[in-house]
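Below is one structure, written out as structure tokens; the observations come after it.
Here, each number is a calculation from the coordinates, and none is a lab measurement. Predicted, not measured: the structure shown is a model, and the values here were computed from it. No Cβ is skipped: glycine too gets one built from the backbone with ideal geometry, and neighbour counts run over all protein chains shown.
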């Protein structure tokens, strides 16, 4: 448990790191035991609807997801909106909109040049005229029928949706916002963190019993948020590379260092969960088959961290070779087999594009 949560516990606050209810692992609305592992609707139910749309989030909740996950970026006028990246040509119809042709530009994002259209160059009103499209149509052809039906939601709209669905479904639908490219947004004078804190405060969600977790691949912003937020924080990690804020500061530590036993003890000082790339838990060999699990889950638990790996998807393209059904990348494989392997390692939850598959796999685990 991080020092922040420990301090809150000593102050008499009821702490529920995973489900935000008055008793650990309780559903605050229904009073029953919360199913484990937790299912996070990754960008909503993005296996079935264009990602980061209210339709995708709502479907995830109705499929049984415990949390919905909005990635957050900023508009020109400082409003938090849900997009996986601030470059939006792959997830909206902006490239086909002649009124915005002049907005196309090249920027350096996290040290790499990127050409396209960026949310920080659009006001919210302008973004709201765009329509979401499927990001990987070659793999999710059935999703393309929903192209241009939904707009870009604000963080506030996602929160409003989670509240409405919690009431309708009679169970708390959590939210797991992730701050995207925080160092970059800080550098252009549009820091994400103050807006996240203000929004959670305004909605009464900055409290230990709220079913909210906040994520980041960077470290410095989580350390800062640790002083502002009373909800669990998630340190995300990748199988390669390093946090961009480390690179900027000349810190030589990598994600591999972060997930070492010593690194995990440091993470536990400011965060409460670890969100590793799933290959950091069960690596793959050169042919794509699963190897022996690493000690990461046990090491993280020993440090007091919950573990929620990403990303579980049904398509052969994303599955280990053990569970592919054919050489056709877009066809579904044996996703249940992969879930079973990872559930056996003791993970506390999973991020999945197919929440219904995750929920069904969880039933089998019981």
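So the values come out like this:
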{"quantity": "Long-range neighbours under 9 Å by Cβ, at least six apart or interchain, first residue touching a residue at least 12 places away in the same chain (Cβ under 8 Å) and at positive phi within the stretch 285-308, second buried (at least 19 other Cβ atoms within 10 Å of the Cβ) and assigned to a loop (DSSP other than H, G, I, E, B)", "calculated": "288/319; 288/320; 288/324; 304/2; 304/268; 304/272"}
{"quantity": "Total residues in the stretch 290-312, condition surrounded by 21 or more Cβ atoms within 10 Å (Cβ to Cβ), in contact with a strand residue (DSSP E or B) (Cβ under 7 Å, 6 or more places away or on another chain) and not in a strand (DSSP E or B)", "calculated": "5"}
{"quantity": "Residues that are in a loop (DSSP other than H, G, I, E, B), more than 17 Å from the chain's Cα centre (by Cα) and surrounded by 24 or more Cβ atoms within 10 Å (Cβ to Cβ), drawn from the stretch 76-96", "calculated": "88"}
{"quantity": "Residue pairs meeting the criteria (Cβ under 7 Å; at least 6 apart or on separate chains; first free of Cβ contacts under 8 Å to residues at least 60 places away in the same chain and on the phi < 0 side of the Ramachandran plot, in the stretch 109-129; second part of a strand (DSSP E or B) and surrounded by fewer than 18 Cβ atoms within 10 Å (Cβ to Cβ))", "calculated": "113/106; 114/106; 114/107; 115/106; 118/107"}
{"quantity": "Test: residue 153 is within 19 Å of the chain's Cα centre (by Cα) and buried (at least 18 other Cβ atoms within 10 Å of the Cβ)", "calculated": "yes"}
{"quantity": "Residue match in the stretch 329-338 (condition: under 30 Å from residue 226 (Cβ atoms) and surrounded by 15 or more Cβ atoms within 10 Å (Cβ to Cβ))", "calculated": "no"}
{"quantity": "So residue 287, is it out of contact with any strand residue (DSSP E or B) (no Cβ under 9 Å at 6 or more places or on another chain), over 16 Å from residue 236 (Cα atoms) and part of a loop (DSSP other than H, G, I, E, B)", "calculated": "yes"}
{"quantity": "Tally of residues being outside any helix (DSSP H, G or I) and surrounded by 15 or more Cβ atoms within 10 Å (Cβ to Cβ) across the stretch 115-128", "calculated": "5"}
{"quantity": "Qualifying positions in the stretch 58-75 - in contact with a helix residue (DSSP H, G or I) (Cβ under 6 Å, 6 or more places away or on another chain) and part of a loop (DSSP other than H, G, I, E, B)", "calculated": "63, 64, 65, 70, 75"}
{"quantity": "Test result for residue 361, touching a helix residue (DSSP H, G or I) at 6+ places or on another chain (Cβ under 7 Å) and crowded, with 19+ Cβ neighbours inside 10 Å", "calculated": "yes"}
{"quantity": "Count of the stretch 193-208 residues which are farther than 18 Å from residue 270 by Cα and either out of contact with any strand residue (DSSP E or B) (no Cβ under 9 Å at 6 or more places or on another chain) or in a loop (DSSP other than H, G, I, E, B) (or both)", "calculated": "6"}
{"quantity": "Residue in the stretch 208-220 that is surrounded by fewer than 23 Cβ atoms within 10 Å (Cβ to Cβ), in contact (Cβ under 8 Å) with a residue 60 or more places away in the chain and over 18 Å from the mean Cα position of the chain (by Cα) present", "calculated": "yes"}
